[in-house]
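Written below as structure tokens is the structure these notes are about.
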Amino acid sequence: MEIRHLKLIKAIVEEGSITKAIDKLHLTQSALSHQLKEAEYQLGTPIFLRTNKKLVLTKAGEKIYELANEILNKLTETESQIKQMVFGEYGEIRISTECFSSYHWLPSVLKQFHLLYPNVELKIVTEATHIPLQKLLENTIDIAIVSDTIKDHHIKYTELFQDEVVVVISENHPWADKKYVVAEDFVNEHLIIHSLPMETVTIYQYFLAPAKVAPKKITPLPLTEASLEMVKADMGIMSMAKWALQPHIKNNPIKAVKVGKNGLKRKHFIATRANETYPDYFQHFINFLQNEINLQWNI
């Protein structure tokens, strides 16, 4: 007898009817009947008694059904163990970031990792966005991707990548010919930001605040596309990661201007709980994340 025969007998018994067994095994009625006759021929005795259009196990059938359960369960367990040997441990990683712009690149990286480690479930916890370090310490997430770090001995930071923040303006803006802008240039500008408080806005935190400069007007607008439309209409300016701007700048009347003579650089980190022993696949994921981003952006 073959494995397919054991699966057939198990399905007929547990589904309670030929029709349901056909659906479960994705067989035609003739194919199922043929396999059942094959199994009975191999054994040299009937497996089922056909009474009142029902199939009832014979004594021999009961022994085969018992054996089918034992063998198929053992086979499933062995397959699972082999997959674990090949693909690594089973588990999950709960991830969040400090800003929604990271979700432009994160899902594709997670998909690539899942192909290599199909037994590791990756969960993006969007409700932890903007407060990922707090949620990390509360054990709501396992990994936080941040650029704004805090000093806390319970948190370990691993550098992920460095990017550049630029100012986005319309092609008609007075800054259009500037190679870079200085803090004082913002005095009469309408700055569109993603959200308050201002202390979490990179360009304010690391560029304007140290120079004690405040824009004439500030408008929080959480939708990137809506902010870009306002910029195109000469209704304000915004700051944005250079890599995140690239898909928008090609076919739109907007420009990117460097912030400061040397550019406004920002480091991103993977934050984990410092005193926790993580499974091996966590380090595999962190290494994969670093390598994949370096490849994609040539960092």
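The values are calculated or read from the model by the stated rules, or taken from the named source; none is laboratory data. Only a predicted model underlies this, so the values are computations on that prediction, with no experimental measurement involved. Glycine also receives a Cβ, built like all others from the backbone with ideal geometry; neighbour counts cover every protein chain displayed. Ligands, DNA and RNA are excluded from the accessible area calculation, which covers all protein heavy atoms including side chains. Shrake-Rupley method; radii C 1.70, N 1.55, O 1.52, S 1.80 Å.
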**Message:** Against the conditions (1) exposed (fewer than 15 other Cβ atoms within 10 Å of the Cβ); (2) modelled with pLDDT of 80 or more; (3) not β-branched (Val, Ile, Thr), where does residue 106 fall short? Just the number, please.
**Reply:** (1)
**Test: residue 277 is open to solvent by less than 40 Å² (accessible area, probe 1.4 Å) and not charged (D, E, K, R)** = no
**Request:** May I ask you to list the residues in segment 227-253 that are hydrophobic (A, V, I, L, M, F, W, C) and surrounded by fewer than 17 Cβ atoms within 10 Å (Cβ to Cβ)?
**Result:** 233, 235, 249
**Prompt:** Can you find even one residue in segment 167-179 that is of a type outside the set (D, E, K, R), within 34 Å of the chain's Cα centre (by Cα) and under 30 Å from residue 283 (Cβ atoms)?
**Reply:** no
**Complete:** By my count, strands (runs of 3 or more DSSP E) wholly in segment 1-112 with at least 3 residues that are closer than 30 Å to residue 147 by Cα are 91-97
**Request:** Answer yes or no as to whether residue 35 is without any contact (Cβ under 8 Å) to a residue 12 or more places away in the chain and not basic (Lys, Arg).
**Result:** no
**Message:** Looking at 199, 189 in this structure, which one is open to solvent by 70 Å² or more (accessible area, probe 1.4 Å) and of a type in the set (Asp, Glu)?
**Reply:** 199
**Message:** Whether any residue in segment 273-289 is in contact (Cβ under 8 Å) with a residue 40 or more places away in the chain, assigned by the TED database to the domain that holds residue 164 and in a strand (DSSP E or B) is what I want to check.
**Reply:** yes
**Fill in**
Checking 169, 141 in turn, the sole residue that is surrounded by 19 or more Cβ atoms within 10 Å (Cβ to Cβ), at pLDDT 95 or above, in a loop (DSSP other than H, G, I, E, B) and of a type outside the set (Lys, Arg) turns out to be 141
**Item:** Of residues in segment 17-63 being in contact with a helix residue (DSSP H, G or I) (Cβ under 6 Å, 6 or more places away or on another chain) and among the β-branched types (Val, Ile, Thr), the one farthest from residue 2 (Cα to Cα)
**Value:** 22
